Amino acid sequence: MSDYIVRATAADNQIRAFAITSRDLVEKARQIHNTSPVATAALGRTLSAGAMMGSMMKGEQDLLTLQIRGDGPLGGITVTADSKAQVKGYVNEPAVLIPANAKGKLDVSGAIGRGMLQVIRDLGMKEPYAGQTELQTGEIAEDLTYYFATSEQIPSSVGLGVLLNRDNTVRQAGGFIIQLMPYTEEKVIDALEKRLAAMSSVTELLDRGLSPEGILEDLLGEFGLTVNDTVPAAFSCSCSRERVEKAIISIGSKEIRDMIRDGKPIEVKCHFCNEAYTFTIEDLKEILNKAKR
Ligand code: ZN
C-alpha cells in the first residue's frame, strides 16, 4: 500500500477532516537525508502535515512551505508541498542524536527547542501569504494546532506520528487534521473534544491496521462521516539542471566570473533531495554568456 490522503467532511459539513498514511514518503526522506531517529520523526511529522496542507490548496501551481526554526540541536525543518500532495523537505542537522524523553519516546521537542513556525502559501499572487507563530511544544502537531487557531482563526486538531522499526527504518507514519467551520454547534465541539481526548496515537491506529479512512471513521464516525476523495501523496523533488542553472545565473555575472577564475568545477547540491549537479568551467562559461543576455 502506498501513501495517500483522505479528504472528508462530517456533521453536515461543520467539520472538515484530512488523514494521511505516509510511511513510504517518510522512509524515502530518511534514506535521502540519512536522518537519525529523532530527525526522521521530526521531518516525517512535518512532511505528513505539509502533504495534507498542500492538498487543501486549489491551484495547480500553488505551493505551501512549512518552516520551523528552533534553538535546539536539529536547527530547523523546511518542507514544501504542492496541491497534489507532492512533498519534499529537509532538516538542518540530520545526524542529531539526543536521549529519549521522559516517556521513553523520541524527543522531537528537545531536538527542535524553542523557536518559530512559519507557514507560507504561494498562490500565484504578487505576494505569498505568510503566517508565523511561536512554537508551543516543538512536537509539531500542537504547534500547527496553535498556528491554525491564532494565525488563521480556524479551530483545529492536528495529530502526527512516526513510528520506527528496530533498525530505524520507518514502520508507520501518518496524521490527521480536523477543522471546525465557524458555524459548528457547541454540542458537536464538546463531543469531538471528548472523542479526541480518548483516542489512541495515530501510529498506534496505523499499526493496528487502520487505514486513513479507518482513522477518520474512528474519530468522526459518530458525527456522520462523508469521505469526499483520496489523493496519492509522495516525496518528490522538482529540481533539474536547468533550474540550478537559472539559480546560478541569478547570482550575477561577477560571481560567475569569479568561479571561472577559480578554475575548478563547482558542485551544487539540492537541499531537498540531495541530488548533486556538477558544472565544469566550460559549463560556467556558457552560463556566463546566458547571464549577459
Ligand atoms: Zn531536488
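The values are calculated or read from the model by the stated rules, or taken from the named source; none is laboratory data. Note that this is a predicted model, so its numbers are computed, not measured. Cβ coordinates were reconstructed from backbone atoms using ideal geometry, including for glycine residues, and neighbour counts include every protein chain displayed. Each accessible area value is taken on the protein alone, full model and side chains, heavy atoms only, with ligands, DNA and RNA left out. Shrake-Rupley method; radii C 1.70, N 1.55, O 1.52, S 1.80 Å.
Projecting the Cα atoms of ILE120, GLY110, ASN168 onto the dipole axis of segment 4-235, where Lys and Arg carry +1 and Asp and Glu carry -1 at the beta carbon, places ASN168 farthest toward the positive end.
So, in Å, what gap is there between the alpha-carbon centers of segment 194-257 and segment 100-130? If you average the Cα positions of each part, the centres end up 14 Å apart. Of interest is the spacing of the C-alpha centroids, which for segment 1-58 and segment 153-180 amounts to 7 Å. Scalar couplings 3J(HN,Hα) for segment 72-78, obtained by applying the Karplus form with A = 6.51, B = -1.76, C = 1.60 to θ = phi - 60°, are x, x, 6, x, x, 9, 10 Hz; x denotes Gly and Pro. Within straight-line reach of LYS103, meaning a Cα separation under 18 Å, sit the following aspartates and glutamates at least 8 residues removed in sequence or on another chain: GLU139, GLU142, GLU204. The dipole here belongs to the chain: it is taken about the Cα centre, uses +1 on the Cβ of Lys and Arg and -1 on the Cβ of Asp and Glu, and is about 960 debye.
Could you give me D for segment 175-285, from Stokes-Einstein at 4 °C and 1.567 mPa s, where the hydrodynamic radius is the Kirkwood radius over C-alpha pairs? Units µm² s⁻¹, please.
Working: Rh = 19.1 Å.
Reported coefficient: 68 µm²/s.
Above 15 Å lies some portion of the pair distances; for segment 70-115, what is it as a whole percent of all C-alpha pairs?
Looking at segment 70-115, the distances longer than 15 Å represent 51 percent of pairs.
Just checking the listed ones, ARG243, ARG121, ARG69: in the Gaussian network model of the chain with Cα springs under 10 Å, the one fluctuating most is ARG243.
Candidates THR145, PRO155, ALA198 compared by Cα position along the dipole of segment 140-201: farthest toward the positive end lies ALA198, with charges placed on Cβ.
Maximal additional length on extending the LYS58-ILE249 stretch stands at 65.6 nm, based on 0.36 nm per residue less the C-alpha distance.
Take every pair of alpha-carbon atoms less than 8 Å apart whose residues are at least six positions apart; their mean separation over the length of segment 4-235 yields a relative contact order of 29 percent.
Model label sites at ASN92 and GLU152, defined 7 Å from Cα along the beta-carbon direction, differ in position by 2.5 nm.
Amide H contacts of ARG171: LEU163, LEU164, ASN165, each under 5 Å away and 5 or more positions distant or on a separate chain (H built 1.01 Å from N in the peptide plane; Pro and chain starts excluded).
So, R0 is 35 Å and r is the distance between the beta-carbons of ASP229 and ALA198; what FRET efficiency does that work out to, to 0.05? Result of the calculation: an efficiency of 0.80. All Cα-Cα separations within segment 1-142 were binned at 5 Å from zero, giving a P(r) of 2, 11, 18, 21, 20, 16, 9, 3, 1, 0, each value a whole percent of the pairs.
Less than 5 angstrom separates the built amide H of ASP62 from those of SER83, all sequence-distant by 5 or more or on a different chain. Each 5 Å bin from zero up to the one holding the largest Cα-Cα distance in the chain carries the following percent of pairs: 1, 6, 11, 15, 16, 15, 12, 9, 5, 4, 3, 2, 1, 0, 0.
For segment 142-208, the list of trypsin sites (Lys or Arg not before Pro) that fall in a loop by DSSP and count at most 10 other C-beta atoms within 10 angstrom reads ARG166.
When N is the residue count of segment 241-292, what does its C-alpha Rg come to as a fraction of 2.2 N^0.38 Å?
Output field value: 1.06.
Taking all protein chains as they are arranged and a probe of 1.4 Å, the heavy atoms of HIS271 leave approximately 120 Å² accessible to solvent.
Taking label points 7 Å from Cα along the Cα-to-Cβ direction, ALA130 and ASP167 give a separation of 4.2 nm.
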